[in-house]
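Student: Right, I'll just put the structure down here and ask away after.
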Amino acid sequence: PITPGELLCLGSSLAFSGLFYYIYRKKARVVARIQEAPKLQVDDDLPALVSAAEGRCLPYVALEGIVLPAQAALNSHYHEGLQGVIQKLLLKEHRLIWNSLARSW
């Protein structure tokens, strides 16, 4: 005979397995979209391409081009000849989403 405690454990195990599988599939779809992102060059045609896109937004793209530093490039202390720049703006979010767990926007 199966006890109510065993049924509760089995049910909660199935529920958590279903939840984690749903999250896994959702993240796998996002990763697939990112890997299939078109590669665009940073040139004079890019603003026209963005303006022609639906909602004036390109969801996932990989931009390739030359980056010039605003002041001076950063030199690596660990690898000679390796230089980098700091990107000032990473993401600009235009809409606010209420986070009920943190109780913030």
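Student: Would you mind estimating how fast segment 4-84 diffuses translationally, via Stokes-Einstein at 20 °C and 1.002 mPa s with the Kirkwood radius over Cα pairs, in µm²/s?
Tutor: After rounding, the answer is 120 µm²/s.
Student: Using a simple spin-label model with points 7 Å from Cα along the Cα→Cβ vector, what separation in nm is obtained for Ser76 and Leu63?
Tutor: Here the answer is 2.3 nm between the modelled labels.
Student: Quick one: accessible area per residue over segment 1-101, 1.4 Å probe, rounded to a whole number of Å²?
Tutor: Value returned for segment 1-101: 98 Å² of accessible area per residue.
Student: Enter the angle in degrees (range 0 to 90, nearest 10) between the Cα long axis of helix 4-35 and the first principal axis of the Cα atoms of the chain, meaning the one along which they spread out most.
Tutor: With rounding to tens, the tilt is 20 degrees.
Student: Also, quick follow-up: If you filter segment 1-88 for chymotrypsin sites (Phe, Trp or Tyr not before Pro), then keep DSSP loop positions with at most 15 other Cβ within 10 Å, what is left?
Tutor: Taking segment 1-88 and a limit of 15 other Cβ atoms within 10 Å, the loop chymotrypsin sites (Phe, Trp or Tyr not before Pro) found are Tyr60, Tyr78.
Student: Carbon and sulfur atoms: what percent of the 1.4 Å accessible area of segment 4-84 do they account for?
Tutor: The C+S portion of the solvent-accessible surface of segment 4-84 is 61 percent.
The values are calculated or read from the model by the stated rules, or taken from the named source; none is laboratory data. Remember, it's a predicted structure, so these values are computed and weren't measured experimentally. Neighbour counts run over all protein chains shown; Cβ positions are idealised from the backbone, glycine included. These area figures cover heavy atoms from the full protein model, side chains too; ligands, DNA and RNA do not enter into them. Shrake-Rupley method; radii C 1.70, N 1.55, O 1.52, S 1.80 Å.
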